[in-house]
Amino acid sequence: MNFKDIPLNKILFLDIETVPAYPSYDQMPEEWRQLWDKKASYINRDDLPDEEFYHQAGIYAEFGKVVVISMAFITSDRQMRVKTYYGDDEKCILENFRQLLDNYFSKPGTYLCAHNGKEFDFPYLARRMLVNNIPLPAILDNHGRKPWETRFLDTMELWKFGDYKHFTSLELLAKLFDLPSPKTETTGKDVWKIYWEDHDLERIAEYCEKDTISVAQIFLKFRREPVILPENITFADRQRC
């Protein structure tokens with residue numbers, strides 16, 4: 001189905017925030033440090049110091065964990081509802097998310113949408129669910145499916161128009177389409193510090209919610225539809241784990 005024809009109330013827009021599994025490089029158990037060193041030897045192209053480069057470990061599902069999942073749902077009368085799971089207990093966050101998907105997004109014709117979701121959010125969530133011994137929801141389990149059979153929508157992929165070498169940030173697309181920037185006081189690079197040093201999960205949750213709303217609004221722009229006005233966006237109580 002063309003993305004322009006999918007009913008909006010069949011799409012769950014989302015964004016996740018992840019952090020390194022340990023506060024610092026030196027605090028990793030020795031076996032994990034050795035495994036990270038092997039990984040870093042291939043990807044640390046700028047030869048950053050071990051401690052500084054470890055800040056990037058959160059983007060790899062083998063060395064990081066999920067601390068926030070924020071979701072947005074657009075109703076048939078064009079109201080946006082935002083819900084967030086967050087906290088230190090990754091298994092609790094993922095289990096709550098699994099239950100929501102199983103309850104409301106298990107049937108054919110429902111979709112997940114994220115920015116760079118196919119490369120990051122969707123596989124990261126699936127991998128961390130396996131690590132936490134959580135059954136994969138049907139919508140996330142794409143084993144054996146052809147690319148066009150998955151129920152994933154990706155605003156970055158939609159913007160590429162087949163250009164495989166092109167990366168465009170959520171912040172840039174928001175600016176391009178005259179939407180409020182989701183990166184006002186916080187950026188993705190700040191999240192590890194806000195979590196491990198500042199211990200400010202509420203700030204990370206708020207940042208994630210802004211990204212999620214931006215994903216939904218950009219998707220509407222791609223369909224040449226009016227965005228959701230701020231007065232029509234409501235936030236459910238954040239659920240802390």
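Since every read-out is calculated from the coordinates, none of them should be taken as a lab result. The structure displayed is predicted, hence computed values, not measured ones. Virtual Cβ from ideal backbone geometry, glycine too; neighbours counted across all protein chains shown.
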Working from Cα positions, state the angle (0 to 90°, nearest 10) between the long axis of helix 121-131 and the longest principal axis of the chain.
-> 50 degrees
Full-stretch length increase - Asp89, Asp237 - with 0.36 nm per residue and alpha-carbon distance subtracted | 51.5 nm
Could you state the angle between the C-alpha long axis of helix 201-222 and the longest principal axis of the C-alpha atoms of the chain, as a value from 0 to 90 degrees rounded to the nearest 10?
-> 40 degrees
May I ask you to list the aspartates and glutamates whose Cα is less than 12 Å away from that of Lys165, ignoring any residue fewer than eight positions away on the same chain?
-> Glu157
Neighbour-count ranking [beta-carbon atoms within 10 angstrom, fewest first] of Phe122, Phe235 = Phe235, Phe122
Along the Cα-to-C-beta direction of Glu51, a point sits 7 Å from the Cα; which residues of region 6-23 have their amide N less than 15 Å from that point?
-> 23
If we count other beta carbons within 10 Å of each Cβ, what is the order of Phe120, Phe167, fewest first?
-> Phe167, Phe120
Under the Karplus relation with 6.51, -1.76 and 1.60 and θ = phi - 60°, whole-Hz ³J(HN,Hα) for region 234-241, x at Gly and Pro, equal 10, 10, 6, 4, 5, 9, 9, 10
Spacing of the two label points (7 Å from each Cα toward its C-beta) at Gln79 and Lys175, in nm = 3.5 nm
Straight-line reach check, Lys91, cutoff 17 Å on alpha carbons, 8 or more apart in-chain or any other chain, hits among lysines -> Lys65
Answer in debye to the nearest 20: the dipole magnitude of region 1-47 about its Cα centre, from +1 Lys/Arg and -1 Asp/Glu charges placed on Cβ, is 320 debye
When Asp154, Asp89, Asp47 are ordered from fewest to most other Cβ atoms inside 10 Å of their Cβ, what list results?
-> Asp47, Asp89, Asp154
Other-chain or far-sequence residues with amide H under 5 Å of Gly64's (modelled H) | Ala21
What does the charge dipole of the chain about its Cα centre add up to, to the nearest 20 debye, if the Cβ of each Lys and Arg holds +1 and the Cβ of each Asp and Glu holds -1?
-> 1260 debye
With runs of 4+ DSSP H residues as the only contributors, calculate the mean residue ellipticity of the chain at 222 nm using -39,500 (n - 2.57) per run, divided by the residue total and rounded to the nearest 500.
-> -10500 deg cm²/dmol
Rounded to one decimal in nm, the spacing of the 7 Å Cα→Cβ label points at Lys38 and Glu62 is 0.7 nm
Extension reserve of the Arg223-Lys107 stretch, reckoned as 0.36 nm per residue once the Cα distance is removed | 39.4 nm
Positive end of the charge dipole of the chain (Lys, Arg +1 and Asp, Glu -1 on Cβ, about the Cα centre): tell me which of Leu12, Ile213, Pro230 has its Cα farthest that way.
-> Leu12
For the chain, the longest site-free run once trypsin sites (Lys or Arg not before Pro) in DSSP loop states with at most 12 other Cβ atoms within 10 Å are removed = 46-144
